[in-house]
Protein chains: 4
Amino acid sequence: MSSNIHFGNLSVSIFGESHGAGIGVVIDGLPGGIPLDFDRILEFMARRAPKKDGMSTNRSEKDMPEILSGYINGKTTGTPLSAVIRNTDQHSSDYGNIQTVARPGHADYTGSVRYNYANDLRGGGHFSGRITAPLVFAGAVCGQALEQMGIYSCAHILSIDGVYDEHFNPVSLEPDLFDSIKKREMALIDESKAEEMKRHVNDARMSLDSVGGTIECAVIGIKAGIGSPMFDGIENRISQIVFGIPAIKAIAFGKGFDFAEMRGSKANDPFVTDGETVKTETNNNGGILGGITSGMPVIFNVAVKPTPSIAQPQKTVDYVKMENTTLEIKGRHDACIVPRAVPCVEAAANIAILSFLI
Amino acid sequence: MSSNIHFGNLSVSIFGESHGAGIGVVIDGLPGGIPLDFDRILEFMARRAPKKDGMSTNRSEKDMPEILSGYINGKTTGTPLSAVIRNTDQHSSDYGNIQTVARPGHADYTGSVRYNYANDLRGGGHFSGRITAPLVFAGAVCGQALEQMGIYSCAHILSIDGVYDEHFNPVSLEPDLFDSIKKREMALIDESKAEEMKRHVNDARMSLDSVGGTIECAVIGIKAGIGSPMFDGIENRISQIVFGIPAIKAIAFGKGFDFAEMRGSKANDPFVTDGETVKTETNNNGGILGGITSGMPVIFNVAVKPTPSIAQPQKTVDYVKMENTTLEIKGRHDACIVPRAVPCVEAAANIAILSFLI
Amino acid sequence: MSSNIHFGNLSVSIFGESHGAGIGVVIDGLPGGIPLDFDRILEFMARRAPKKDGMSTNRSEKDMPEILSGYINGKTTGTPLSAVIRNTDQHSSDYGNIQTVARPGHADYTGSVRYNYANDLRGGGHFSGRITAPLVFAGAVCGQALEQMGIYSCAHILSIDGVYDEHFNPVSLEPDLFDSIKKREMALIDESKAEEMKRHVNDARMSLDSVGGTIECAVIGIKAGIGSPMFDGIENRISQIVFGIPAIKAIAFGKGFDFAEMRGSKANDPFVTDGETVKTETNNNGGILGGITSGMPVIFNVAVKPTPSIAQPQKTVDYVKMENTTLEIKGRHDACIVPRAVPCVEAAANIAILSFLI
Amino acid sequence: MSSNIHFGNLSVSIFGESHGAGIGVVIDGLPGGIPLDFDRILEFMARRAPKKDGMSTNRSEKDMPEILSGYINGKTTGTPLSAVIRNTDQHSSDYGNIQTVARPGHADYTGSVRYNYANDLRGGGHFSGRITAPLVFAGAVCGQALEQMGIYSCAHILSIDGVYDEHFNPVSLEPDLFDSIKKREMALIDESKAEEMKRHVNDARMSLDSVGGTIECAVIGIKAGIGSPMFDGIENRISQIVFGIPAIKAIAFGKGFDFAEMRGSKANDPFVTDGETVKTETNNNGGILGGITSGMPVIFNVAVKPTPSIAQPQKTVDYVKMENTTLEIKGRHDACIVPRAVPCVEAAANIAILSFLI
C-alpha cells in the first residue's frame, strides 16, 4: 500500500507510470451533489504543466483528464470520482541507456530493490514527477469543494536558489491575492522577483545543473476546531500528502525551524477577542495549535530539492552488473521544478483540509 | 480518530489525559516471541523524565508503566501489548485559574472548540506533553524489536536556542556512538556544548521565558528497499508520528531546507559499489529516495518550539466569557523541553521504521 | 493488526488476555460532551456476566471497568476513552494440562502457529470469550450515544439447540419491548420458552456436552441514507465486528438464507409513502438496501456454535510433541454461551451503527 | 469512503457506474514481479459474463479490461495495478422511466438519500451488479498470485431456488475438481442438477419473476496460522468483501447456521497428526479457528437474494414526488444472478486470502 491515503471519510488512490498507458486517480468519499467546474479543474492542472518560462522541459504534456465516474450533470454523484490521463507524448528511447544505471538522487535503485527489480523504470515509472498530475486533479476537485465552504488556498514560490519572494502575511490574507498569484506567469507575490529567479535557473541550465527552492502555502477561511491531536492533526495529514510529491524533503508549519531560536514570549501568539470571535495577534503557529485549527490562516512551507536529472556526467553504479560507471542523462529535464510543484503543494493542502470537513 | 496510527500491520493507540487516572498505549501487530527487556524499556522512558539538569520541572513523574497484556515470560505474545501509567503526582489546583483562559501557544482554545468545550483542560489534558510517555514506551518496545534485526536509532539535541551540537556523520555511524549519547546527562555528540546550552536555558528561565531548539535523529542498519512511494514512504510515516509530539513544528529529511540553495550536481548523492553492495558517497537525501531506504543512514531533524508555558504575564482571552484578559501561568514548567523531546523523536522513528518490517 | 477496528472516524482497540493482568479497550473518535451514565454501562456489562440460570460457569467475574481517560463530569471529553478491567478470579492451574494439547474447536493450535508458539495459552489468552467484556463496554458506551440520537438496539436469544423464540416484528418495533427483554432473566421475546431452553442446556451438560443457538438483533430509529455501497455498508461493518465474537460462525441480514428459496416478487419489499416519509410494507432486506439504511429496522441474526469446551474426553494432538492424544478438559465451562453472547452481538451493532453517525 | 478496502498491505479501490464512461479498479500493494497471464484474467472474467444458459440477460457486455499501470512484460511492477473497462453497451433509455421511482429491492431510494439525490441512477449507477466486473478482475489477479503459492480457490452454485448441488468435501479437495467446475457451463459439482435448476429459473421468468440461491466457496492449500483474532481474521475480511457484492445477504463459515443445532461433541473437529502435520478429522469450522486458518480447506457459503428487477408490476413510491405508484420494469434482467455471482464470491475470497499473505 503506498499510493493511496485514507483520511477519515476521504480516500484518494493514485496510479500510473510515466511511460505506461495512463495515469489517474480515484477519489472516494466526496459527498453527492458538489458542483464541479471542469474547466476550472483544467486551469488548475495547467498551472502544473510545463511553461514557456524557460524553467521546464519542452515536452507538451497535454494531460487531459477524462472523468470516468462520479460526476454527472456538473456535480459529484457521491460515489467514487475517477479520472484517467492518457500518456501520449512518450519518448521511451530517451531513457534507454539508464535502465539499470541508477540516476543519482532518483528512486531507480531504491525502487528496484523494493519491487524485486520488476518495476517500470521508464521515465521514473511510478516515481516520476508526472504522477503528480492526478494528485493535482484531486487537489483541484477538493479545492472547489472547499471554496463552496468559503475556504481558499494558494501556494506560491517562496524562493528559487536563494532568491526570495515575500512571505504571505500570516494574519491577513484575502482570496483576491490568491487569484492574482494563480494568474501570474510565475506564482509570486512580488512579481518583480521573476527575472532574477529565471536568471538563476538559466545559469544552472547553462552549467548543465539544476536548482531547488521553497514553496509557501496558505489556507484561509477555516474556522477554529478542525483537526485532532497527536497523529491525525492538520500537520500530520498535510505532511503525509506533501511527502508524496517527489523532491519535497522538508516541511515547516508557521515559523517552523525559526522557532528553534525564538523565545516563548515571542513565539506564543497572543489571543484577542472582539467579544465575538477569537483571533491571535501574530500567527507564528501557522494557524494550528495541538493539531487543530485556530481560525487563523493555515500556513506552511516546504523545501524542494534541485532536480536530480542533470546533464552533467555523474558517478553512479549499474546496480544489476554491480559496477561503477558514469552516467550522462539525455533527454529533456526541468532545470527547476519549483514552479511546477506549486500547484502540487496546494493540491496536497486541499486534500488534507477537505478530508477533515466531510 | 486521532491518537492512533495504523501502518500496514502495526497499530499504536494512545490514550490518557495529564490529570486523569492514567495514560497508556496499545500496540497491536507485534509478532509473537520478540524478547523484550523491561528494564531497558524503563531506561528508555527515564530519558524522557525530568532531570536535575535545571531545564525541566521539579515534578517527580514516576511514570512506571504496568504491562497489562501481550507480554509473558519476557516475550511478546503477538496479541495486543498494552501498558498503563498511573497519574500519581497531580496538582490540579496549579491549573485551577486557567480553565477557560487560553494559554497562548497551547491547545486549550482549539481543543475546546474541537471537543464542544467538554475536553479535560487540567494540565493540557490529552494535549499535554505527558502523553508522550506512552509514545516513548511504544518507541522503546519497537526499538528493541529493531535491534534484534540489527537496526539502531538515536536522537540527540542538535541545538538549543541557537547553540549547536555537531551533526551526525551521515555516511558513517556506529551503534557505539548511540550508546554513549544515550548515557550522557544531555543527549549530545559534543558534550562540551552542554554548559552553554544550560546557560541559555537558565537565562531564559530567569527572564520568565523559554527557549526552543532542534533535534536530529538517525537510524542505521536498515537495508535498501524499505518503504513505498507517494503517501506511504519513510518520510510520510515518520512525519505523521513526529507531528504527534507537542511542540514539533517542522521536519527535514537529509539536507532538508538546505536543499533549497544547493545545485543538483552537489545535492545528488553519487552511487558507488564495491561489487557487492551499493552505497552513496554523500547522504544528502537522508537515506531515502522516492520514500524508500537506500541502505544509508536514515537521518532527519525537527524543530521544537519554545515551551509555551512561561511565567510572564501574557495577553489572551477567556474564550467562554469572550473577554480579553491577562494570564500569569503558575506552576512548574520546563524552560526548555528539547532534552525531554529527544527520546520522543527517537520513539517516533522506531515505530515508523518497525512498521515497515513486520 | 487484529483487535482494532477503524470505521470512518471511530476506532475501537481491544487488548488483554484471559489470565493476564487485565483487559480493556480504547475508543477513539467519540465527540466531546456526550453524557454517559456509568451505572447503565455496568448494567449492560452485567447482561454478559455469568448468571444463575444454570447455563454458565460459576466463576464470579466481577468485571468492574475502570475508566482511565476520556470521561469527566459524566461526559466524554472527545479524546480517547479508555477502560481497564482487572483480571481477579484466575485459576490458572485449571488449565495447566492443556498447554500444548489443542482443545478441539478452540484457537490453541491456530493461535500458536500464528504467534510463533509465544502467545498466552492460559484460558484461551486473547482468544478467550472473556475478551468480549471490553467489547461490551464499548458497545454500552456507543449504545448510550445512539439513544441520544433516538436510536435503540436490542439482541435476544432466537434459539438454543433448536428451541425457538419469536422473531422480532421487522416492520414495527418499539423501545419498550427492548427494555423488557433486557430486564428478563433470559433475553427472550416469549419468556415461556425459557424453561425448554434451560432443559436442553441442562441435558447437554448432563451428557458432558454443549449446545449452540442463534441470536437476533434489531436496531430502530435510524433514518434512511446511512451507510455506503460495496465494502463499507451496514452489513460490512456489522459483520466485521460480529466475527470478532468467538463462536459466531454465520450472519444473515433480513431474510438471510431464506432468500435463497424466495421469489423476487415475494422478496422485494414494496415501498409505500404517506406523502411525507417512505417505508416498506415488508422488511425482508433487514432495513438495508445497497449497504445503506432504508429507515426500517436494521435486523440481522447470527449463529453461535456450541461451546467447544466440553468435559467429554476428546481426540486431539499435542502440537508440540506432534503426538495424538486424548484430552479431558477440567475446569468450569458454560454448556451454552448463547445468553452471554447476546449483549456482545448488540454491542457489535451499536459500535457499527454509531461509527456511521459521528 | 465505501468502495475501497485496506487489508494490511493490500488496497483495492473500485470505481464506476453502470452507464457512465467506464468502470475500473486500482490494486495497490501487490509485490513486484508476479507473473500474470492476461488471457487467464479474461477467462476468469468471462465466467461472470452473461451466458447463453437462459438465466441471464442478452446484453453483450464485452467487459474488456485495459490495464493502465502496474503491469509490464507479463509481470506486476509492484506499483498500483489499475484496469479500466469501458461501458459500451448502454441503453439508458431502458431505464428512463424509473429515475425517481424506487425499484423495490434496489438501492435507488437509499442511495438517493445517501447522496443528496445526486447519484447516477441509470442502471443502478454505482450500485449496479456491473460494478462487480472490476471486483472480478481484482479477484482474477489475486487468484493467480495465490496459485503461485500453491493456493487454489473455487466457488460453485450450491443451490438455485431450492435445487441443491453437492457440498464440497470439507476435508479433501483437489485443484482438479476446481478446474473442472470452472470449465462447466454451470459451476456445479454435480452437473446433472443443471437442467432442474434451469427449469426453475425458466419457470420464474415465465411468471415474470426471479429466483435466488446459495453459493459455496472453498480455498485450499493455505497453511495453518494465517489470519488474526477478533476483527481482522479470515471471516472478517471475507465477509467485508462479500457483502460488497450486491444481492448477498448472508454468509456462513463451515457449518454456519447448522452449528445452532449441533452439540459440541459433534461440532468440535478432532485434531489428528501423522507426526508431521496437524489436521482435523472433520472440518465443521470451515478451516478457521479464532479467525486463523487451521490448514484445512477454508469453506463458506453465501445467500443470494432473488434478482430484484422483475417484470411484474410492483407497488412502490416516487420518492421525489412522494407519491405511491406502480412500477413496471422494462429492459433486460437476469431471472437468476446466482451463476454470475459465483466468480464474484471466488474473487472476494481471493482478495481476502491474498491480503494476509503479502
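For the reader, a short list of remarks on this structure follows.
- Every test in (1) more than 27 Å from C:LYS193 (Cα to Cα); (2) open to solvent by less than 10 Å² (accessible area, probe 1.4 Å) is passed by C:HIS156 save one, and that test is (1).
- In this entry, B:VAL342 is excluded by the filter for residues that are of a type in the set (A, V, I, L, M, F, W, C), outside any helix (DSSP H, G or I) and more than 9 Å from chain A (Cβ to nearest Cβ).
- Failed condition for A:ASP176, given (1) within 27 Å of A:PRO306 (Cα to Cα); (2) without any contact (Cβ under 8 Å) to a residue 40 or more places away in the chain; (3) of a type outside the set (A, V, I, L, M); (4) part of a helix (DSSP H, G or I): (1)
- Here A:LYS315, A:LYS255 are screened, and the one residue that is free of Cβ contacts under 8 Å to residues at least 60 places away in the same chain, closer than 28 Å to B:GLY290 by Cα and open to solvent by 10 Å² or more (accessible area, probe 1.4 Å) is A:LYS255.
- Hits in the range A:135-167 (condition: closer than 22 Å to A:THR214 by Cα and out of contact with any helix residue (DSSP H, G or I) (no Cβ under 8 Å at 6 or more places or on another chain)): A:LEU158, A:GLU166, A:HIS167
- Residue pairs meeting the criteria (Cβ under 6 Å; at least 6 apart or on separate chains; first over 26 Å from D:GLU281 (Cβ atoms), in the range D:292-312; second at pLDDT 95 or above and among the charged types (D, E, K, R)): D:ALA303/D:LYS249; D:LYS305/D:LYS249; D:PRO306/C:ARG263; D:ILE310/D:ASP209
- Selection over the range B:108-126 of residues that are among the aliphatic types (A, V, I, L, M) and either assigned to a helix (DSSP H, G or I) or touching a residue at least 24 places away in the same chain (Cβ under 8 Å) (or both) gives a count of 2.
- Per-region count, the range C:296-306, residues at the interface with another protein chain (Cβ under 8 Å from one of its Cβ atoms) and open to solvent by 10 Å² or more (accessible area, probe 1.4 Å): 1
Here's the yes/no breakdown for (1) among the aliphatic types (A, V, I, L, M); (2) over 20 Å from D:GLY290 (Cα atoms):
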{"position": "C:ALA194", "(1), (2)": "yes, yes"}
{"position": "C:HIS200", "(1), (2)": "no, yes"}
{"position": "C:SER207", "(1), (2)": "no, yes"}
{"position": "C:THR214", "(1), (2)": "no, no"}
{"position": "C:GLY225", "(1), (2)": "no, yes"}
{"position": "C:SER228", "(1), (2)": "no, yes"}
{"position": "C:ILE234", "(1), (2)": "yes, yes"}
{"position": "C:GLY244", "(1), (2)": "no, no"}
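- Applying the condition of being within 7 Å of another protein chain (Cβ to nearest Cβ) and farther than 18 Å from C:LYS249 by Cα to the range C:98-116 and asking which residue is surrounded by the most Cβ atoms within 10 Å (Cβ to Cβ) yields C:ALA102.
- Filter result for B:CYS142 (assigned to a helix (DSSP H, G or I), surrounded by 24 or more Cβ atoms within 10 Å (Cβ to Cβ) and at pLDDT 95 or above): yes
- Of all residues in the range C:24-53 being more than 7 Å from chain B (Cβ to nearest Cβ) and among the β-branched types (Val, Ile, Thr), the one that is farthest from D:GLY233 (Cα to Cα): C:ILE34
- The residue that is most open to solvent (accessible area, probe 1.4 Å), among those in the range C:318-347 that are at pLDDT 95 or above and acidic (Asp, Glu), is C:GLU323.
- Scanning the range D:118-131 for residues that are open to solvent by 30 Å² or more (accessible area, probe 1.4 Å) and facing chain C (nearest Cβ under 10 Å) gives a single hit, D:PHE127.
- Subset of the range B:307-335 [within 9 Å of another protein chain (Cβ to nearest Cβ), assigned to a loop (DSSP other than H, G, I, E, B) and within 30 Å of B:LEU158 (Cα to Cα)]: B:THR307, B:PRO308, B:SER309, B:ILE310, B:GLN312, B:ALA335
- Count - residues of the range B:72-88 that are part of a strand (DSSP E or B) and more than 7 Å from chain C (Cβ to nearest Cβ): 4
- Any hit, the range D:12-23, residues being among the aromatic types (Phe, Trp, Tyr) and either in a loop (DSSP other than H, G, I, E, B) or facing another protein chain (nearest Cβ under 7 Å) (or both): yes
The values are calculated or read from the model by the stated rules, or taken from the named source; none is laboratory data. The structure displayed is predicted, hence computed values, not measured ones. Ideal geometry is used to build each Cβ from the backbone, glycine not excepted, and the neighbour counts take in all protein chains shown. With ligands, DNA and RNA removed, areas are computed over all heavy atoms of the protein, side chains included. Shrake-Rupley method; radii C 1.70, N 1.55, O 1.52, S 1.80 Å.
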